[in-house]
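These notes concern the structure reproduced below.
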Amino acid sequence: MRFVLTDLETQGLDYLPDKDLADWAVDLDMMPAEEIDRRGLLEELVPRLMAVARREGLPFSKYDAQDLDELPEPHRRALARAMGWKEDTRSMVRAGEKIWKVYRKNRPGSQIPLMLPVLLKPLARFAYEMRPA
């Protein structure tokens, strides 16, 4: 089943430079096309970002707490479960800060920590919709 972004989830993405999107795709082991289809690319990046989340967790910081709080509770819980983390925002931020430090030390040029807030809502929805029944 293919993941599809909603119109609401794509609002504001027009302001992201193509280079940043391309760099993000490369960070997620994907070679973007020469001409970038923003929506299509982002729809492919969400499952790849979820694979990273499951494998190593996500690099959250204290600045992501409000965004996590604003997620629908079932979506936030599904995202936390996908990473094997406690389901409350505070615990997610604490665990994510450890991942953030690893990124700063070992992957300082990674676009994942910088672009994560852009796809947090669709990523959490993906986690919820794709969870095992």
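Please treat every number below as a calculation from the coordinates, not as lab data. The structure presented is a predicted model; accordingly, all values stated were derived computationally and were not measured. Glycine gets a Cβ as well: all are built from the backbone with ideal geometry, and neighbour counts include every protein chain shown.
Among Tyr103, Tyr63, Tyr15, determine the one that fluctuates most according to a GNM of the chain built with springs between C-alpha atoms less than 10 Å apart.
Tyr15
Which ³J(HN,Hα) values in Hz, rounded to whole numbers, follow from the phi angles of segment 68-74 under the Karplus curve 6.51 cos²θ - 1.76 cosθ + 1.60, where θ = phi - 60° and Gly and Pro get x?
5, 4, 7, 5, x, 3, x
Between Arg2 and Glu73, what FRET efficiency follows from the Cβ-Cβ distance if R0 is 41 Å, with the result rounded to 0.05?
Given R0 = 41 Å and the Cβ-Cβ separation, E is 0.95.
Calculate the length of the line joining the C-alpha centroid of segment 74-133 to that of segment 1-40, in whole Å.
If you average the Cα positions of each part, the centres end up 18 Å apart.
Could you tell me what % of all Cα pairs in the chain have separations over 17 Å?
Beyond 17 Å sits 57 percent of the P(r) for the chain.
So how many Lys-Lys pairs in the chain land under 23 Å Cα to Cα, not counting same-chain pairs under 8 apart?
Going through the chain pair by pair, I get 11.
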